[in-house]
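Written below as structure tokens is the structure these notes are about.
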Amino acid sequence: MVSVKGEDIITKANSEFQSASEEDKLRRIYETFENAESVTRISQLRSEVGNDIGWTTNYYAVFAAIKEFEKTITSSNLPTKTIDNSNFILIIDEINRGNVSQIFGELITLIEDDKRAGRPEALSVTLPYSKESFTVPPNLYIIGTMNTADRSVEALDTALRRRFEFVEMPPRLDLVDQSLTDATDISPRDILYTINLRIEKLLDRDHQIGHAYFMGLRDLSALKNAFQHKLMPLLQEYFFGDYSKIGLVLGSGFVKIAHPEIKKADDFFADFTKTGYESDLMEKQVWHLVHIGEMSEEDFLSAIQTMKVKSCQL
């Protein structure tokens, strides 16, 4: 039985075509005869195509169904393939933290500009599951982000470095507000500028704080929250618990000497045999961070004043 339904041709006979040789026989019939009407006798299939064709009735039925289906095909119902010339962007965040071979695999070569589709040295790969040929189009832009303060940047795969252009993205001070709505003399922009000046001096320019920490800070409460939950934890990580350096960045309003009231070793240490270290240890300064969340707005404003904020000139 042969039926034609839409774009599907379903063939069922005493046996189904399951081998390449059977497909080849059908192809030979299709190439020999122009249409089903040109076959006046079933024996013609053997005489003109080959005596190796068995089940001639089945082959003829399939051939006739194909030719009948071809009559229904017009340019209007043929599938069309449109080419989208729009640009597409693929963003891979923290690309330096990933395993490059697992992210790209064999595509690491295909993303090169001269290896993309339509280029002189275009390459393609066969996808492992679908077995389809795949190539990277020229209108796909791959953006990988990374933090230069991250130590993993130093070991970035050489193959990745060769295939990407590196664009530095320093802090954008112009994206940070110049003043607060409830404290016009406080400038988040100038604060960020001042902090980064000092971090560059104490560490390096790669550790400068990005503008995202200070974007959208409209009032004193928002600035205080940014100091408490974003800025201070980051500085603690930067300086590995050396709070004196945090004090050099933020000032005495945010970093205090621990137990300044204790002056003598006898008042500080337990009753024990003298070791000779007591006087040296008492001269060592220990610093504590002020709990910003417990500050009043007045205390926070006073702490900002101790920073000696520098004016930023854009």
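Of the helices (runs of 4 or more DSSP H) lying entirely inside the range 204-275, those containing at least 2 residues that are within 23 Å of GLU297 (Cβ to Cβ) are 220-226, 232-238, 243-250.
For the range 119-143, a residue qualifies if it is within 25 Å of PHE166 (Cα to Cα), hydrophobic (A, V, I, L, M, F, W, C) and part of a loop (DSSP other than H, G, I, E, B), and the qualifying residues are ALA122, LEU123, VAL136. Taken over the range 176-192, the criterion of being part of a loop (DSSP other than H, G, I, E, B) and of a type in the set (A, V, I, L, M, F, W, C) is satisfied by VAL176, LEU180, ALA183, ILE186. Name the single residue, out of those in the range 179-195 being open to solvent by less than 20 Å² (accessible area, probe 1.4 Å) and under 30 Å from the mean Cα position of the chain (by Cα), that is farthest from ILE209 (Cα to Cα). Ranking the qualifying residues of the range 179-195, first place goes to PRO188. The single condition among (1) open to solvent by 90 Å² or more (accessible area, probe 1.4 Å); (2) of a type in the set (Ser, Thr, Tyr); (3) at pLDDT 90 or above that SER252 does not meet is (1).
Checked against (1) over 30 Å from the mean Cα position of the chain (by Cα); (2) over 20 Å from LEU235 (Cβ atoms); (3) open to solvent by 10 Å² or more (accessible area, probe 1.4 Å), LYS201 passes all but condition (2).
Among the candidates LYS71, LYS81, the residue that is loosely packed, with under 15 Cβ neighbours inside 10 Å, out of contact with any Pro (no Cβ under 9 Å at 6 or more places or on another chain), closer than 30 Å to TYR129 by Cα and at pLDDT below 80 is uniquely LYS81.
Restricting to the range 284-296, and then to whatever is more than 39 Å from the chain's Cα centre (by Cα), loosely packed, with under 13 Cβ neighbours inside 10 Å and not polar (S, T, N, Q), can you tell me which residue is farthest from GLY247 (Cα to Cα)? Going through the qualifying residues, I end up with LYS284.
Scanning the range 85-118 for residues that are free of Cβ contacts under 8 Å to residues at least 40 places away in the same chain, under 20 Å from GLU165 (Cβ atoms) and open to solvent by 80 Å² or more (accessible area, probe 1.4 Å) gives a single hit, ASP113. Being within 17 Å of LEU180 (Cα to Cα), in contact with a Lys or Arg (Cβ under 7 Å, 6 or more places away or on another chain) and not hydroxyl-bearing (Ser, Thr, Tyr): is that true of PHE239 here? No: the conditions fail for PHE239. Please verify whether SER187 is more than 29 Å from ASN147 (Cβ to Cβ), out of contact with any strand residue (DSSP E or B) (no Cβ under 6 Å at 6 or more places or on another chain) and in contact (Cβ under 8 Å) with a residue 12 or more places away in the chain, treating the condition exactly as stated. Taking the combined requirement at face value, the residue does not satisfy it. Based on this model, can you work out whether LYS224 counts as of a type in the set (D, E, K, R), open to solvent by less than 50 Å² (accessible area, probe 1.4 Å), under 21 Å from LEU289 (Cβ atoms) and more than 28 Å from the chain's Cα centre (by Cα)? Criteria met by LYS224. Scanning the range 256-289 for residues that are in contact with a Ser or Thr (Cβ under 9 Å, 6 or more places away or on another chain) and closer than 25 Å to LYS224 by Cα turns up just one, TRP287.
Taking the listed residues ALA270, ALA258, ALA265, the one that is touching a His at 6+ places or on another chain (Cβ under 8 Å), farther than 24 Å from SER179 by Cα and at pLDDT below 90 is ALA258, with no other qualifying. Among the conditions (1) more than 30 Å from TYR213 (Cα to Cα); (2) open to solvent by 80 Å² or more (accessible area, probe 1.4 Å); (3) at pLDDT below 80, the only one that GLU154 does not satisfy is (1).
Taken over the range 119-131, the residue count meeting the criterion of being of a type outside the set (S, T, N, Q), modelled with pLDDT of 85 or more and surrounded by 10 or more Cβ atoms within 10 Å (Cβ to Cβ) is 4.
The values are calculated or read from the model by the stated rules, or taken from the named source; none is laboratory data. Predicted, not measured: the structure shown is a model, and the values here were computed from it. Neighbour counts run over all protein chains shown; Cβ positions are idealised from the backbone, glycine included. For accessibility, only protein heavy atoms count, side chains too; no ligands or nucleic acids. Shrake-Rupley method; radii C 1.70, N 1.55, O 1.52, S 1.80 Å.
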